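Please read the structure below before turning to the comments.
The values are calculated or read from the model by the stated rules, or taken from the named source; none is laboratory data. For clarity, every value in this text was computed on a predicted model and none was experimentally measured. With ideal geometry, Cβ positions are generated from the backbone for all residues, glycine too; neighbour counts draw on all protein chains shown. Remember, those area values only see protein heavy atoms, side chains included, never the ligands or the DNA or RNA. Shrake-Rupley method; radii C 1.70, N 1.55, O 1.52, S 1.80 Å.
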Amino acid sequence: MKKLLPLLLFPFFSIAQNVNDSTIKGDFSITGNIKGLPDSTMVFLARPGQPSDVLATTYAQKGKFNLFGKVVDGDIYQLNFIGFPDQPDVFLTPAKINVTGDVKTLKKLVFTGSTAQNDYQSYTLKFNALKDRLANLAGVINKTPESRKRDSLINIFEKNKQKVLEQVDLFVKAKPASPVTPFIIYVTSPVDNNVNGLENRYSALLPAAKETFYGREIAKLLASSKIGMEGTQAIDFTQNDTANNPVSLSSFKGKYVLVDFWASWCGPCRHENPAVVAAYNQYKDKNFTILSVSLDQNKDKWKQAILADNLTWTHVSDLKYWQNEVAQLYHIQSIPANMLIDPSGKIIARDLRGEALSETLGKLLNK
């Protein structure tokens, strides 16, 4: 039974930013006037879930306080009042923010002076109910055995996911320059789990939003997701061959190269090997070769399989099983798997099986 993971749907707590990884840095101030706040109450800004990561600290007098400092990009911090459990969120950017309210209702504080905070509060107003609905449904589904009832609940869950994505798209369209928008795209991306949807939303952002911390994180996600896709450049790698000599993919540049992921213990891989051998023998003299990456752990068994299956091309492995670093790089989740790379280093085909490999090579090399 597959479980739903609601905690992955909305990782609302910000991820730690490296100050040196930023291009935006500026002054902020938060001036507060909170009715009923006792004198000498410590007030501080910290990251959600990281109370030791304090950005600014002060003490209140007559309900008033002033926090100030520098902020890297836009991100969520929480306003903490020692002795009081509620911790209102602040989407902090370089701005002069005023906050008013009553100590009895800290969750209802009123923030003014920050467009980003206004955008964030608009987001939470629209999304929190949807987020809670998804989390509740996931909890019920995880406890429900396979049945029509569970299938019905999953259908409801999927419909609620679509409502979330519709709200994301509306927000992107309305506020493409806001630093809050890439944050929303980023934290809701697990809901869609769709590279095309993520790329479309990212493309709709204006340059200022793309240059924020979360904008750059989305760009990293997109770059990572495209690794190994047809039409992209293959990323170079180096692993040792059976004689412990390092071999790099780039050393084959100028040839058509089939990078073949397999293992001695993989039955379907061994079954596929005769077709790979036939293609190699037919086209090895026509600017084609093979570089096999093994997900083996036992070097002797790996070498024995190479000899037994007559795999007379180059073989590499780090003997780390499914944690093979090349397999991890290319997001390989099952084997056999392969990718055909042209002389310029571009991936032009994936997972060619049986006759498909020879047919594809024939069209490319029999000219």
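What the table shows:
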{"read-out": "All strands (runs of 3 or more DSSP E) inside the range 252-320 with 1 or more residues being open to solvent by 10 Å² or more (accessible area, probe 1.4 Å) and touching a Leu at 6+ places or on another chain (Cβ under 7 Å)", "value": "256-262, 314-316"}
{"read-out": "The range 330-367: number of residues that are open to solvent by less than 60 Å² (accessible area, probe 1.4 Å) and outside any loop (DSSP other than H, G, I, E, B)", "value": "16"}
{"read-out": "Selection status of F81, touching a residue at least 24 places away in the same chain (Cβ under 8 Å), more than 30 Å from K161 (Cβ to Cβ) and open to solvent by 60 Å² or more (accessible area, probe 1.4 Å)", "value": "no"}
{"read-out": "Selection count, the range 177-188, where residues are open to solvent by less than 30 Å² (accessible area, probe 1.4 Å) and either more than 21 Å from L125 (Cβ to Cβ) or in contact with a strand residue (DSSP E or B) (Cβ under 9 Å, 6 or more places away or on another chain) (or both)", "value": "2"}
{"read-out": "Count of residues meeting criterion [at pLDDT 95 or above and crowded, with 17+ Cβ neighbours inside 10 Å] in the range 64-76", "value": "2"}
{"read-out": "Contacts under 9 angstrom Cβ, first residue in the range 125-153 being open to solvent by less than 70 Å² (accessible area, probe 1.4 Å) and aromatic (F, W, Y), partner at pLDDT 85 or above and part of a helix (DSSP H, G or I), 6 or more apart", "value": "F127/V164; F127/Q167; F127/V168; F127/F171; F127/I184; F127/T188"}
{"read-out": "Residue match in the range 55-69 (condition: in a loop (DSSP other than H, G, I, E, B) and out of contact with any Asp or Glu (no Cβ under 9 Å at 6 or more places or on another chain))", "value": "no"}
{"read-out": "Among (1) within 17 Å of L109 (Cα to Cα); (2) open to solvent by less than 20 Å² (accessible area, probe 1.4 Å), the one test that A56 misses", "value": "(1)"}
{"read-out": "Selected residue (only one of L222, L249, L198, L205 is under 23 Å from L130 (Cα atoms), aliphatic (A, V, I, L, M) and either more than 18 Å from the chain's Cα centre (by Cα) or surrounded by 13 or more Cβ atoms within 10 Å (Cβ to Cβ) (or both))", "value": "L198"}
{"read-out": "All positions within the range 102-113 that are out of contact with any helix residue (DSSP H, G or I) (no Cβ under 9 Å at 6 or more places or on another chain) and open to solvent by less than 70 Å² (accessible area, probe 1.4 Å)", "value": "V103, T105, L106, L109, G113"}
{"read-out": "Answer from K104, K131, K126 - the residue that is assigned to a helix (DSSP H, G or I) and either over 30 Å from G83 (Cβ atoms) or in contact with a His (Cβ under 7 Å, 6 or more places away or on another chain) (or both)", "value": "K126"}
